[in-house]
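Presented below is the structure to which this report refers.
All of the numbers you see were taken from the coordinates with simple rules; none came from a lab. A quick note: this is a predicted structure, and the numbers were derived from the prediction, not measured. Using ideal geometry, Cβ is built from the backbone for each residue, glycine included, and neighbour counts are taken over all protein chains shown.
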Amino acid sequence: MRKISARLLSLCALWFAAQQPAAAQHTQRFNGWPTAATAQELPAGFVAPPAGYGNVPFFWLNGDTLRRDRMSDILDTLATSATSGFSVSYIHKNANIDSVEHKSGYGMFGHTEPGEPKVFSPAWWEFWNWFSGACADRGMGLGLDDYTVGWYGNGYYPDEVYNQPKYKNYQGKLDITAHPVAAGATLTLTLPEHTVSVVALPEHNQKEKPIDLTATTGAGKLTWTAPSSAKSYTVYVTATQPDYLLHPDNGKELVEVYFDRFEQNMNQKGRDGMNYFFQDELLYPLTILSWAEDMPAQFRDRKGYDILPYLAALKYDIGDITAKIRLDYCDVVMTLAEERYFKPIFDWNDSRGLIYGCDNMGRGKQPLHYLDYFRATSWFTAPGNDAPARGSSFIQTKVSSSIAHLYERPRTWLEAFHSMGWGSKTEWLTEQIDHHFLAGGNLVCMHGLYYSTHGGWWEWAPPCFHYHMPYWPHMKKWLEYTERVSYLMSQGHHVCDIAILYPTETLQAFSPDKPYDDQYNFSYIMELSNAGLDYDLIDNRSLVKADIKDKALHVSGESYKILLIKDIRALRYEALLKLRDFYRGGGIVLAIGDLPEASDRAGSNDPEVNKIVKEIFGMTAAQTETIAVKAQKNPTGGVGFYLNTTEDMVPLIHRTITPDFRAGTKGGKVLHRRTDDRDVYMVMNVEPGTDCFFRAKGNAQLWNAFDGTMQPLPVKRVTGEGTVIRLDTPYNRSSLVVFSPGEPVSDTVSQTEKPPQEIIPVEGEWEVEMLPTLDNKWGDFRLPATDEKIGPEARRFRFIPLRALGKTKTWMQPAYNDSTWSVGTYGFGAPMEVLVDGSSQKADGLAAAVFNGTLADWKPYSFSWQYGVENNPGSQGYHGLKGRVDNNFLILDKGRNMLFRTQFYAPETDFYVLITGNVTPEGIYIDGENIRSEDIVSREGPNGQRETRYTVNLRKGWHSLLLVFTNTTDQPLHQEPYDLLDRRTRSTAVILPLADTAVKENTPYDDIVAMKWYRSNRLTFDPNAGRPQKTIYRFETVPGLSSLRLDLAGHLEKAWVDGMAINAKTNIRTKGDGRYEIVLPVTFPRTSEMTLQITPDPGAGGTAVFREPVRFICGKGVMNAGDWSKNGALLYYSGGMYYRKTVELNEQQIARGVTLDLGKVSASCEIKVNGKDAGIHIYSPFSADITPYLHPGENRIEVLVYSTLANHYQTSPTPYKGDPEAGLIGPVRLIVGGK
């Protein structure tokens, strides 16, 4: 790990300060670059980390128009958290949805969604300059993630460079073809325009040199007669094709059109805020067939021979020399890529002290991505990777951190964690972030920070872990936790005993044609991690530059006792020599599986390679099939172990060296860093109560990253090699064990001496009070925006027409069984009916059957004029909702015919326009007649959707409408959360006055999410033809209810709560325009049953009568511990909940010590006892020692629990809504004594 000395850092700071006006002293440069912390600085830095070690989230600026006042609010909020800065990102569109826009081509997965103002526009630069300066004012940095904007084909800076003729025409890749020819036969070929090599080789001759056929070519043709000295030959023709990757100006010109512009378009204050550029999913498809126009000269200068005769070896096996040619060629290609692409970009960031991170393709598990993943990824100041969803990226992060260690990069970037969903809890987050800290990640980039969630309809691989989450007050503590761990695990240098040779050269030599496959099985390295054996992966270049001293390999501050090679068939000859020298110098080389058989010295079957391999292992690669285990030793103590499988790998290592860490016999993960005077161990997945050995001595302390405290850690014993300490940390929690200079504190407490415990269950109801958190000031949770925090609401209702209840008179009672009633969500009704027919009749026959009553199996067809079909709003794009509602709300997904009908009202006798959608009905019948419009217009909209418009003359009044779609098919919905693409056939049916047909298309940036018909002057659809229908609605409420607020498309007539009638005159207040307030006669402490009698307006039947959720005004209530999502309308409540209870304890119990154990909590909580803070808890165990806050007699316990956003999203069509479990789940108990 490269450090910045305190003096150098001071000089840099002085230099930058000298370049700035006196008023601007907030530069973010070199923030987060570790310095050589002194003995005093390390503990102080742990308690209050310096700038640059906090969260650097991806900040997605789509979803709403950028505004300075809104952004200022966001920055003020985040400035109070452990957030060091932002890497701004822009999403991409979906070519299958925005098909018109993508017809002319695009980069990678789709065009950039450019936001408002559009990225890189003059207005955007103006905003960006202000934004960066505003970040600097708050001590935060700002950079841009090149995700989507850096993809060639999307119209941004790469296109500026690569669309130049010199790049378009640059010959940058090879096309190699093979042409067999029999001895004595003549081959005639037309050669490609840019042919660079034509050679012939006899078949089955591994030693023959290629025959240069250049002399036999002319006028673009080859004519060659094969000699008779061999049975057959193969002619290899190599030609070049255009590709820009190795153009000499590539990286330099990208810097000019991208990075330089940030300095050119920003003033000094704006530049002060810049940091955290990020390379995301790099589109740089370097392969073994990449080429440069000056390659022949470059290759000869670097390798000393002519590559042209041997180019065939890059694709075909031409004998023993194949491996050598491939390794040499890959090395030259990679060197040119470094010089011409990677290094200029790296230098620009590195020279300015900027963190430049990455999440590159292959993520370390595809070593041939970019031809040499290790070398390519070394050109970032913060090599990194992402950690997706609920999977593990431990191996990927080990590769990233190994690169950072060996190339002395300041940090390892960890993009965490996308696609987890809105039910993501801090419990899981903590376990996973620790898991990846142990792999060496130490710059936390939370994937989700959204500028806007646009009414809950915008997301990108959610969740947003920041201020949108109800548990944000506690998430800030979690971010402080990660900031402390990031700081501590960035200091000093990494310590481990094992280096594992990365298999790049093996794959380059033997399978270079599969660069994007997971060709190498890395799973065995998890066996080491799980056994408490840490390691680095090491590339050939780092191995070659290593020094051998004291029987260890020393490179870049790392020191390795064991070099492990698994299935390494090829490597650089210099690396093989280093392997031999390490063995001769007393080192331990452990080989598993295949042994080396080729190098860049002479290729395969090289006696020198076999000689070295045999010296180290006592066998050659050819003998591995017959030998399972072998150990070869030399007089210096060097050992060459061979195992044919990994089965005995861990035991052998434990027998061979004294490990740096060992947790009994069950294992556990470890990461060790050493500063000038301290050894810092991070340990996890150790069974509580295990005696753990640390190969370190001194005063052991347990450093708590959650609150910054440090406490002595008693040791069981100190041996000649290290220290044994008993760890009691829960298995899924980590421990930070720090050895400082000084004497250890002895552990004198026997494990069997724990005093007995008294368990006191805390049962019965708790007093509860809700604390709403969903601030809708900017419309993040519902549109339009409102100055309120969204609290508890009813969103789904059971309903039945009053006439259907007959003479039943108990339907308002809580015990009444309404399980057979219809159920619906607010805003959704059934303006139409649908019938599915399986016959082969044509439209007129089907219509006749409807009109004569033969076809009568009609079902309600439910949708919302705003949100379309519930949970089926249509295609959205990648990674969640994008504010889209398909205007085609008739889903034709049933076979063989689908018929839709309704009644509609024409307010005047006049001309009207009937609009149908993507699919035109075979029959359209108004008042029983198949319409014959003389004015039919079909057109395609900007998004590729079709509309057909029929002009009809209607009299004032109600009319019937029947649509007949024939030849429909069963089309189940198949879509993945990462790609919300609904391919089902759809249509629409809307009737508008002729004068009102210019309906504005909605966009994802509108102030409302809706179909375009929602705000149009459409005619009312109502299957009941406007006849009033009194309807009974029932729903459960929430604890502590005092009043309800309703927004209805109808008339509220009566109300009951728990069967008790509400006085309509005194307690039902009309607010106008369908708004009502029901004031309950008393506050209902427990969840109650509400019953309403409403007459909906025409077209607003079912739950469409509820234009908005029913809002509850609540005070204090009572509720048992448990999952609040199972308690009435609390299912939809995301926010905070106070739980309060009084418990009695006597003086003797308090004297023994009392722990409050809350059992399970979802998601986080904070505890107060008798009004005093007793701690915030974001992960299990959710317990606290409350002894200091107790007094004899009655004690007041208060637990504030925050949920996730999953509850709020339960009525959202997102596939990421998540598990709504929330609250103080329990069981709750007091534990007296036992400490």
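Descriptive notes on the structure:
- The slack between Ala631 and Ala36, meaning 0.36 nm per residue of separation minus the straight C-alpha distance, is 210.0 nm.
- Taking amide H as placed 1.01 Å from N in the peptide plane, Asp534 has its amide H under 5 Å from the amide H of Asp497, each at least 5 places away in sequence or on another chain.
- Projecting the Cα atoms of Ser604, Tyr451, Tyr152 onto the dipole axis of the chain, where Lys and Arg carry +1 and Asp and Glu carry -1 at the beta carbon, places Tyr451 farthest toward the positive end.
- Hydrodynamic analysis of the stretch 1118-1233 uses the Kirkwood radius over alpha carbon pairs. Inserted into Stokes-Einstein at 25 °C and 0.890 mPa s, it gives a translational diffusion coefficient of 165 µm²/s.
- Peptide packing for 419-425, 632-638 was compared via the average number of neighbouring C-beta atoms within 10 Å per residue; ordered from the highest value, the list is 419-425, 632-638.
- Derived scalar couplings ³J(HN,Hα) [the stretch 447-456; Karplus, 6.51 cos²θ - 1.76 cosθ + 1.60; whole Hz; x for Gly, Pro]: 4, x, 10, 9, 4, 8, 10, 6, x, x
- Cα-based reach from Lys1172 at 13 Å (exclusive), listing aspartates and glutamates while leaving out same-chain residues under 8 positions away: Asp1185, Glu1198
- Members of Lys324/Lys566; Lys551/Lys669; Lys425/Lys1160 lying beyond 23 Å, as alpha-carbon distances in this model show: Lys551/Lys669
- The charge dipole of the chain, taken about the Cα centre with unit charges on the Cβ atoms of Lys, Arg (+1) and Asp, Glu (-1), comes to about 1220 debye, rounded to the nearest 20.
- Taking the Cα centre of the stretch 648-782 as reference, the dipole from Cβ charges on Lys and Arg (+1) and Asp and Glu (-1) amounts to some 840 debye.
- Helix axis angle, 573-584 relative to the chain longest principal axis, alpha carbon, degrees: 80
- Charge-dipole axis of the stretch 519-653 as Lys and Arg at +1 and Asp and Glu at -1 on Cβ define it, positive-most pick from Thr636, Asn530, Leu579: Thr636
- The 3J(HN,Hα) values that the Karplus relation (6.51, -1.76, 1.60; θ = phi - 60°) gives for the stretch 127-132 are, in residue order, 5, 4, 4, 5, 4, 5 Hz. Gly and Pro appear as x.
- The tail of the calculated P(r) for the chain, taken as Cα-Cα distances beyond 52 Å, holds 38 percent of the pairs.
- Helix 322-337 and the long axis of the chain differ in direction by around 60°, with both axes built from C-alpha atoms.
- Stokes-Einstein diffusion of the stretch 309-436 at 10 °C, 1.306 mPa s viscosity, Kirkwood radius from Cα pairs, rounded to a whole number: 96 µm²/s.
- The residues neighbouring Leu1205, those whose beta-carbon lies less than 15 Å from its own, together hold a net charge of -1 under the Lys/Arg +1, Asp/Glu -1 convention.
- Placing a label point 7 Å from the Cα of Tyr978 along the Cα-to-Cβ line, the residues of the stretch 263-282 whose backbone N sits under 20 Å from it are 279-282.
- Theoretical FRET efficiency, 1/(1+(r/R0)^6), r = Cβ-Cβ of Arg717 and Glu788, R0 51 Å, to 0.05: 0.25
- Charge tally in the Cβ shell below 10 Å around Ser1162, where Lys, Arg are +1 and Asp, Glu are -1, Ser1162 excluded: -2
- Rounded to the nearest 20, the size of the Cβ-charge dipole of the stretch 837-996 about its Cα centre is 100 debye, with Lys and Arg at +1 and Asp and Glu at -1.
- Each peptide in 650-658, 1095-1103 gets a packing score, the mean of other Cβ atoms within 10 Å over its residues, and the list from highest to lowest is 1095-1103, 650-658.
- Spin-label model, Met710 to Glu527: label points 7 Å out along the Cα-to-beta-carbon direction sit 3.9 nm apart.
- Solvent-free Debye calculation, one equal scatterer per alpha-carbon of the stretch 837-996: log10 I(q)/I(0) at 0.09, 0.12, 0.16 Å⁻¹ equals -0.32, -0.57, -0.99.
- Against the chain, whose longest principal axis comes from its Cα atoms, helix 394-406 is set at around 50 degrees.
- Highest to lowest packing among 246-259, 948-961, scored as the average C-beta count within 10 Å: 246-259, 948-961
- Of all DSSP beta bridges in the chain, antiparallel share, percent nearest 5: 80
- Shape category assigned to the stretch 772-887 from the gyration tensor of Cα positions, a/c cut at 1.5: oblate
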